[in-house]
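Contents: one structure, followed by commentary.
The values are calculated or read from the model by the stated rules, or taken from the named source; none is laboratory data. Note that the coordinates shown come from a computational prediction; the quantities given were computed from them, not determined experimentally. Using ideal geometry, Cβ is built from the backbone for each residue, glycine included, and neighbour counts are taken over all protein chains shown. Protein only, heavy atoms only, side chains kept; ligands, DNA and RNA dropped before computing areas. Shrake-Rupley method; radii C 1.70, N 1.55, O 1.52, S 1.80 Å.
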Amino acid sequence: MNEQRGPDHDVVAVGAGFAGMYLIHRLRQLGRNVVVFEAGDDVGGTWYWNRYPGARCDIQSVDYSYSWDPELEEEWTWSERYATQPEILRYAQHVADKHDLRRDIRFGTSVEQATWDEDASLWRIRTDGGDEVTCRYYVMATGCLSMPKTLDIAGAESFDGPTYFTSRWPHEGVDFTGMKIGVIGTGSSGIQSIPIMAQQAEEMVVFQRTPNFSMPAHNGPVRPEKIETIAGRRAEYREEARWSRGGVPLPPPELSVFQATPEEREETFEAGWAQGELFSLFNAYNDLLINPAANEVVSEFIRNKIRSIVEDPVTAEALCPTNHPAATKRPCLDSGYFETFNLPHVSLVDLRADPISSITSAGIDTASRSFEFDAIVFATGFDAMTGALVAVDIAGRDGVTLKEKWEDGPKTYLGLTVEGFPNFFAITGPGSPSVLSNMMVSIEQHVELICDSIVDLEADGFEVMEPTRTAEDGWITHVNDCADITLYPRANSWYMGANVPGKPRVFLPYVGGVGPYRAACDEVRQRGYLGFERRGPNGSACNDGVIRRVQPDVAMVLEMMAEMGLPPMESLNPDEARAFVAASAEARPPGPEVGEIVDGTYPGADGSSLEYRLYRPDSPGPHPVVLYFHGGGWVLGSAESDDPLCRDLCVQSDALIVSCNYRHAPEARFPAAVDDGFAALQWVTENAEALGGRPGPVVLAGWSAGGNVAAVTCQTARDAGGPAIAGQVLITPVTDCDFTRPSYSENAQGYVLTRGLMDWFWDHYADAADRTDPRASPIRGDLADLPPALVVTCEFDPLRDEGSAYVDALRAAGVDAREAAFRGHVHTSAGGVGMFISSAPIRQEIASALRSFVSAQEVVAD
Ligand SMILES: Cc1cc2nc3c(=O)[nH]c(=O)nc-3n(C[C@H](O)[C@H](O)[C@H](O)COP(=O)(O)OP(=O)(O)OC[C@H]3O[C@@H](n4cnc5c(N)ncnc54)[C@H](O)[C@@H]3O)c2cc1C
């Protein structure tokens, strides 16, 4: 080795599973020199090691196979929908033969250490054989499920008979004929192997810690409808998979489970059960993985199936999962798993009721019983996603190891690269779709992305690339935001690291979907490697930034709106815009039930009759009163146009919400709206008791232009010497006519409320000369002695900075004012009840402020 000549290899990779194999092929095509180290004695990775009886894939083989070799696609025919391990291994070996891959693989060799040499800009790799090689790029293709979990059962070494691990099954197979066997573990491997081992064993006891949701695979030849879907359009089919959510082309579900009748649901779930595909049940409705009540419907469907299969009711109940929502742990496909418990020689021990105390020389002792066995099988799973990565002593810049960096949970940029670890890539690493996808699709994408990144790097005259801390933090935030709007984090699953004692509880895979993930990666590249610093002998370039900043559910709606190609609202006339807003309101989720809704009218400032809608909580009154003003730029909206939000606030704050309309522009221009605001305050205060509310100071609230009306009304009431106001909650309010604050230019387009629309609103509402009047721009008024305030601001809102400025100005005037700033949200987020799960904290914050103002009001009243 002579570093003057450069490193020994362009790329060193660890692992010769499907990831490492494709990497060799792709790098060779690019003329790069690559060597792969593999601990096993042949290719195949997962399919080399996991030789337990019944081992199969659970994504159909026509999907779970390489797409990069069209010839291979034609010449290889799968014998079953879900191929067995021997067939998948033969496939891997066939690919290795066909592309002569083995010549670049060093089998039977483990990588133990990898150290980044900053001076030489290369990695030094050390193997268990003591060899050291150097390379420019270091790739971990070590797999998500390749590191068996260390046994955490007392006495694990004491058993005198043979023990077998599903993940390290003997190549020559095992014959359990005539044996009494104990099996520990009922995850995917246990569920696949138990029915087959039961056919041989004389007696089998299954020890179950957590029951799992499983459904029959209905294996057999590939079904004609699947063949038809692919025939003559294989390349398009594969492309659809690349942009799908899970790596298998499927139409996205449009309906909530609650939009279907119980009969329709039953029919849909029965069809899914008969289909025998992981996605067929869980992709049936769009809320199964986000709404606990919706998930319970499918969970109970599966539990009823288990009850109908398993004859002994006690065993059936023990096999019914109840401690996690369905599919939040890896769901399983089985072939006769539950039926196995009807065999007279098979029994189940529910470890939640009767835990294992220790493994003994003769068998297994639980708290209440002693079992003797001839053999024990451990189907105890993996230290998933991070286990194999941190098992190698990888030291990056400044000698910090990956293990140290990930002490509190893995941190990656795109699940592929790590700050502090230059030219390092982890295929299907934590923070990428990986185990939540058809992994073949995810593996291919990562291999291609690594190769493209290397080519681009060198073409741009650099030799080292590394993500920035900002990019990495931003990605982790996004990964967590995505997980947090789902039910996944509610399960103690290996997705959360919960199966390994001491492992940090962090949701490991990226739940945002294969297609959206690919789009993010493509965008990173298109934007000149956003989030990467790239260095070389001739200098460096740091393109710092965060690739996904908008909350994922909000981003989805923004994308849908962009795809609809709607005309900008400001291109419509007010009547057209009002009709559009009313039509959109029809399509939104309704919000929660309240005790009572009453519609009525009150006298506006000019004596005209204006509508109000009252939302009464379902609890004994009288309730405190909140006067609410709707949004809509003084032009649009009505007393009921913020209906879902008002319902939500009524339920959460246990207050009477009176949503009062005000006259709209352009028919009634400034100051009609705020004059009506004050009239509403007077009327509501005077009539609080008649409305069923508590007399005394009311709380004012309003969204957007309604926030403006609320803020101005507080100033008017102070100047008029009453009515008294307990507090003001201003939700993304208009406070000023100044468009020069940065949020106006940063968020001018693309986040629902645009700069153009704000111009349109102001033009309809107020003449230029009136706009600086404090009754139009309350920030310009006297702010002393105003009621306490909560101002909600959203990051991607043109009005963000004037909201913040209003808080500053209120505080400067001695008012008790607080800003609640929401990351990743837009102007309309707060109102997205039932639409944006991520905006629930905004509504909680508002409701909590309403409650605190109200309780302060109670103290005053007392
Ligand atoms: C039983 C089972 C069934 C599965 N079924 C499916 C399925 O149906 N669909 C699906 O999408 N995914 C499935 N998976 C996930 C599966 O792991 C991936 O689909 C895929 O095979 C992973 O390929 P890989 O090359 O990334 O990693 P692996 O196949 O895990 O290969 C990694 C290799 O790296 C080697 N290695 C690790 N550390 C070192 C080291 N330090 N030195 C040298 N070598 C090392 C290992 O020996 C291993 O051979 C399944 C996994 C299991 C365990």
| field | Taking the stretch 759-843 and dividing mean pair separation by its residue count, relative contact order in percent (alpha carbons under 8 Å, at least six apart) | value | 26
| If you look at just the Cα atoms of the stretch 47-198, how large are its Rg and its Dmax in Å? | 19.6, 63
| request: Could you please put T163, T468 in sequence from largest to smallest accessible area, using a 1.4 Å probe? | output: T163, T468
| request: Can you sort H218, H25 by 1.4 Å-probe accessible area, starting with the largest? | output: H218, H25
| remark: Taking r as the C-beta separation of T77 and D456 and R0 as 45 Å, the FRET efficiency to the nearest 0.05 is 0.75
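Leaving out ligands, DNA and RNA, what percent of the accessible area of the chain is carbon and sulfur, probe 1.4 Å?
Ligands and nucleic acids excluded, carbon and sulfur give 50 percent.
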| message | Taking amide H atoms as placed 1.01 Å from N in the peptide plane, list the residues 5 or more away in sequence, or in a different chain, whose amide H sits under 5 Å from that of V377. | response | Y164, G182, V183, I184
| Which order do R525, R534 take by accessible area at a 1.4 Å probe, largest first? | R525, R534
| message | Just want to confirm a number: the relative contact order over the stretch 531-675, from Cα pairs under 8 angstrom separated by 6+ residues, in percent. | response | 20
| said: Pairwise over distinct Cα atoms, reciprocal of the mean inverse distance: report the Kirkwood radius of the stretch 167-326 in Å, one decimal place. | reply: 18.4
| message | Could you tell me the center-to-center distance, by alpha carbons, between the stretch 520-541 and the stretch 786-862 in angstrom? | response | 38
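Just subtract the alpha-carbon distance of S540 and S370 from 0.36 nm times their residue separation and send over the number in nm, one decimal. Each step should come with its number before you reach the end.
On the way: separation 170, 0.36 × 170 = 61.20 nm, distance 6.65 nm.
This chain segment gains 54.6 nm when fully extended.
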| request: Determine the percent antiparallel among the DSSP beta bridges restricted to the stretch 626-749, to the nearest 5. | output: 0
| request: Determine the gain in length on full extension of the stretch H345-S745; use 0.36 nm per residue of separation and subtract their C-alpha separation, reporting nm with one decimal. | output: 136.7 nm
| Pair-distance profile P(r), taking every C-alpha pair of the stretch 163-257, with 5 angstrom steps and integer % | 2, 9, 14, 14, 12, 12, 10, 12, 9, 4, 0
| said: Need one value: the accessible area of H630 in square angstrom, 1.4 angstrom probe, rounded to the nearest 10. | reply: 0
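Please identify the GluC sites (Glu not before Pro) of the stretch 129-226 that satisfy two criteria: DSSP loop assignment and at most 12 other Cβ atoms within 10 Å. Which are they?
E157, E172, E202
Write down the accessible area per residue of the stretch 521-581 in Å², having rolled a 1.4 Å probe over the full set of protein chains.
Per residue, the stretch 521-581 has 57 Å² of solvent-accessible surface.
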| message | Quick check: the distance between the Cα centres of the stretch 354-398 and the stretch 245-283, to the nearest angstrom? | response | 36
| request: For the stretch 24-102, calculate the relative contact order in percent as a whole number, restricting contacts to Cα pairs under 8 Å that are 6 or more residues apart. | output: 36
| note | Hits for the chain under the membrane-span-like helix rule (DSSP H, Cα axial span at least 24 Å, Kyte-Doolittle mean at least 0.5) are 439-459
| said: Viscosity 1.306 mPa s, temperature 10 °C: give me the Stokes-Einstein translational D for the stretch 276-403 in µm²/s, with Rh taken as the Kirkwood radius over C-alpha pairs. | reply: 86
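What does the helix-only formula give at 222 nm for the chain: each DSSP H stretch with n ≥ 4 adding -39500 (n - 2.57), the total divided by the residues, and the result rounded to the nearest 500 deg cm²/dmol?
The helix contribution divided over the chain gives -10500 deg cm²/dmol.
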| said: What would the Debye equation give as log₁₀ I(q)/I(0) for the chain at q = 0.06, 0.08, 0.10 Å⁻¹, counting only Cα atoms as equal point scatterers? | reply: -0.50, -0.83, -1.11
| task | Give, in whole angstrom and from largest to smallest, the semi-axes √(5λ) of the equivalent ellipsoid of the stretch 503-568, with λ running over the eigenvalues of the Cα gyration tensor. | result | 28, 21, 10
| Rg to Rh for the stretch 2-123: what is it, with Cα atoms only and Rh by Kirkwood? | 1.04
| said: For the stretch 596-639, what does the accessible surface come to per residue with a 1.4 Å probe? Please give it in Å². | reply: 35
| note | If amide H atoms are modeled at 1.01 Å from N in the peptide plane, then the residues at a separation of 5 or more from R106, or on another chain, having amide H under 5 Å from its own are V36, F37, E38
| said: Considering only C-alpha atoms, what is the centroid distance from the stretch 701-747 to the stretch 445-478, in Å? | reply: 45
| task | Could you state the accessible area per residue of the stretch 727-862 in Å², with a 1.4 Å probe and every protein chain left in place? | result | 37
| task | For H9, enumerate residues with amide H under 5 Å from its amide H, sequence gap 5+ or separate chain, H modeled in the peptide plane. | result | T134, C135, R136
